[in-house]
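Asker: Got a structure here, written out as structure tokens. Questions coming.
Bear in mind that the values in this text are calculations on the coordinates, not laboratory data. Bear in mind the structure is a predicted one, so any value in this text is a computation, not a measurement. Cβ: placed from backbone, ideal geometry, glycine included. Neighbour counts: every protein chain shown.
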Amino acid sequence: MTTPAWDPAQYLRHSGHRLRPFTDLLARVPALPAERPRIADLGCGPGNATALLAERWPAGRITGYDNSPEMLERARAGQEGDRLDFAFADARTWTPEEPHDLILTNATLQWVPGHLDRFADWTAALKPGGAIALQVPDNTDAPLHALMRELAATPRWASRLADILRAPDSVHTPGAYLDRLARLGCATDVWQTTYQHVLTGEDPVLDWVKGTGLRPALTALADDPDARDAFVTEYRDLLRKAYPATPYGTVLPFRRLFAVAVKGA
């Protein structure tokens, strides 16, 4: 899987729908052990969700981490201060340098191969009573992704797009997250939610995925605009059949997986 180039403006076009899972995750995070908690938002993207952490814990010290310069530039615009800052980090290697009360990662770990193995380092850095909270899209079997992979594997595209997209096993079963975090001494709650997003506008499902899952293909074809546009057009036509428009919009069913793990004393 290639490292995609990110477009904050495209990502934020559906910010209302994308924020819903974050707020649902945040609602299940318990009281933290410190009055002035140390919090990390790993994979903060454009920082609009990170700002909600500052609202929830106004006395906290919060850092949003991302490996996209474009996302960090957008996140830093007008937001940084004494309590909230942003820094470069890669979730594949990031390890906290000080004790934390909360390590949160939202819609990021699906891009991190082997991410279950990161939990041991993160749990070790939690204070007793601290928490790991995560959310990942859990829909690689949905037409949104399956059609993209099938198209990329056709003779026209395989030489350029083979093995660059998210694999079907980029997210694990709910039981795998529960087992890994519980074995690390955490009281763990894992659940799934399927959202029925009603999207509007022309080809809204394509517009949605241009901000996320399609980014590796767009990045790989960036040096050949004609090929990029041809691939997007073929994929658009497949999406139109898989997600037909209705009089009230286009429905995008979207399943997500959540976990909140609280470290024991």
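Asker: Can you give the relative contact order of segment 8-263 as a percent, counting alpha carbon pairs under 8 Å and 6+ residues apart? Working shown, then result.
Answerer: Numbers: 427 pairs, mean separation 55.7, N = 256.
Once normalised by length, the contact order is 22 percent.
Asker: Still on this structure, I have one more. Give the aspartates and glutamates reachable from residue 127 as a straight Cα distance under 20 Å; neighbours fewer than 8 places away on the same chain don't count.
Answerer: Cross-link targets: 35, 41, 97, 98, 101, 117, 189.
Asker: Would you mind telling me which residue in 180, 166, 56 has the biggest mean-square fluctuation in a Gaussian network model of the chain, where springs connect alpha carbons within a distance under 10 angstrom?
Answerer: Highest fluctuation of the listed residues: 56.
Asker: Now for a separate question. So if each residue of separation counts as 0.36 nm, and I subtract the Cα-Cα distance between residue 195 and residue 77, what length gain in nm does that give? Before the final figure, lay out the partial values.
Answerer: Working: separation 118, 0.36 × 118 = 42.48 nm, distance 3.04 nm.
So the extension gain works out to 39.4 nm.
Asker: By how many degrees, 0 to 90 and rounded to 10, does the Cα axis of helix 174-183 deviate from the longest principal axis of the chain?
Answerer: The answer is roughly 20 degrees.
Asker: State which stretch of the chain is the longest one without any exposed GluC sites (Glu not before Pro), exposure meaning a DSSP loop state and at most 11 other Cβ atoms within 10 Å. Could the numbers behind the result be given before it?
Answerer: Numbers: sites that count: 35, 97, 202.
Formally, the longest exposed-site-free interval is 98-201.
Asker: Sticking with this one: Using the alpha-carbon atoms, what tilt in degrees (0 to 90, nearest 10) does helix 225-242 show relative to the longest principal axis of the chain?
Answerer: Roughly 80 degrees, rounded to the nearest 10.
Asker: Do the sum for the chain: with -39,500 (n - 2.57) for every DSSP H run of n ≥ 4, divided by all residues, what is the mean residue ellipticity at 222 nm, to the nearest 500 deg cm²/dmol? Numbers along the way, then the final one.
Answerer: Numbers: 11 runs with 94 residues, N = 265.
When only DSSP H runs of four or more count, the value is -10000 deg cm²/dmol.
Asker: While we're here: What share of all Cα pairs of segment 1-123, in percent, falls into each consecutive 10 Å distance bin?
Answerer: Final binned percentages: 12, 46, 36, 5, 0.
Asker: Now for a different question. Please report the relative contact order for segment 1-73, taking Cα pairs under 8 Å with a sequence separation of at least 6, and give it as a percent rounded to a whole number. If you can, show how the numbers build up before the last one.
Answerer: Values: 67 pairs, mean separation 26.8, N = 73.
Normalised by residue count, the contact order of segment 1-73 is 37 percent.
Asker: On to the next question. Tell me, 207, 66, 121, 101 in order of fewest to most beta-carbon neighbours within 10 Å? Display every interim value, and only then the final one.
Answerer: Numbers: 207 17, 66 26, 121 13, 101 23.
Least crowded to most crowded, the residues run 121, 207, 101, 66.
Asker: Follow-up question, since we're still on this one. Give me D for the chain in µm² s⁻¹, whole number, from Stokes-Einstein with Rh from the Kirkwood sum over alpha-carbon pairs, 4 °C and 1.567 mPa s. Mind showing how you got there, number by number?
Answerer: Details: Rh = 19.3 Å.
After rounding, the answer is 67 µm²/s.
Asker: Follow-up. Cross-link candidates for residue 241: which aspartates and glutamates have Cα within less than 18 Å, leaving aside residues fewer than 8 places away along the same chain?
Answerer: Reachable aspartates and glutamates: 141, 150, 202, 203, 207.
Asker: May I ask you to compute the full-extension gain from residue 222 to residue 116, defined as 0.36 nm times their residue separation minus their alpha-carbon distance, rounded to one decimal in nm? Intermediate values should be presented prior to the final figure.
Answerer: Values: separation 106, 0.36 × 106 = 38.16 nm, distance 3.15 nm.
Between residue 222 and residue 116, full extension yields an extra 35.0 nm.
Asker: Starting from the exponent 0.38 and prefactor 2.2 Å, build the expected Rg for segment 150-216 from its residue count and divide its actual Cα Rg by it.
Answerer: After normalising by residue count via 2.2 N^0.38 Å, the value is 1.59.
Asker: Still on this model: Calculate how steeply helix 143-152 sits against the longest principal axis of the alpha-carbon atoms of the chain, using the helix alpha-carbon long axis, and give the answer as 0 to 90 degrees to the nearest 10.
Answerer: The angle comes out near 60 degrees.
Asker: Around residue 230, what is the net charge, scoring Lys/Arg as +1 and Asp/Glu as -1 over all other residues with Cβ under 12 Å from its Cβ?
Answerer: Summing Lys and Arg as +1 and Asp and Glu as -1 gives -1.
Asker: Okay, next question. Using the Cα centre of segment 5-126 as the reference point, and only Cβ charges (+1 on K/R, -1 on D/E), how large is the resulting charge dipole? Debye, rounded to the nearest 20.
Answerer: Numbers: 13 positive and 17 negative charges, 81 e Å.
It works out to roughly 400 debye.
Asker: Considering only DSSP beta bridges with both partners in the chain, what is the antiparallel share in %, to the nearest 5?
Answerer: Working: 23 of 42 bridges.
Once the DSSP bridges in the chain are tallied, antiparallel ones form about 55 percent.
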